[in-house]
Amino acid sequence: MDGADGAGKRVTYLPYIIGAYAVFAVALAWDGLAPLFKYRRLLRAIRGRAARVASTKNDRRSA
C-alpha cells in the first residue's frame, strides 16, 4: 500500500487525528475543571445554609 486511493491522491488522516486530539483535550479539561465547579457549588450551598441557620437563630432571639 502506497497510501494512495484510486484517483492517485494521497489519503490523509490528519483531520481525524486533529479531531481525536481535540475531543481528548476537551475531555481532559472537563475532568480537571469539573471538581472545581463542584467544590464551588458545594461551598455556595454550605454558605447559604449557614446564613439560613444564622437567620433562624436571630429570628428566635428577637421574638
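At a Förster radius of 35 Å, what calculated FRET efficiency corresponds to the Cβ-Cβ distance of residue 21 and residue 44, to the nearest 0.05?
Numbers: r = 34 Å, r/R0 = 0.98.
Given R0 = 35 Å and the Cβ-Cβ separation, E is 0.50.
First check a/c for the range 24-63, with a ≥ b ≥ c the square roots of the eigenvalues of its C-alpha gyration tensor; if it is under 1.5, answer rounded, and if not, answer prolate when a/b is larger than b/c or oblate otherwise. In terms of gyration-tensor shape, prolate.
Between residue 12 and residue 51, what is 0.36 nm times their sequence separation minus the Cα-Cα distance? Round to one decimal in nm. Walk me through the numbers before you get to the answer.
On the way: separation 39, 0.36 × 39 = 14.04 nm, distance 5.98 nm.
Roughly 8.1 nm would be gained on extension.
FYI, it's all coordinate maths here, none of it is from the lab. All values reported here derive from a predicted model rather than from experimental measurement. Neighbour counts run over all protein chains shown; Cβ positions are idealised from the backbone, glycine included.
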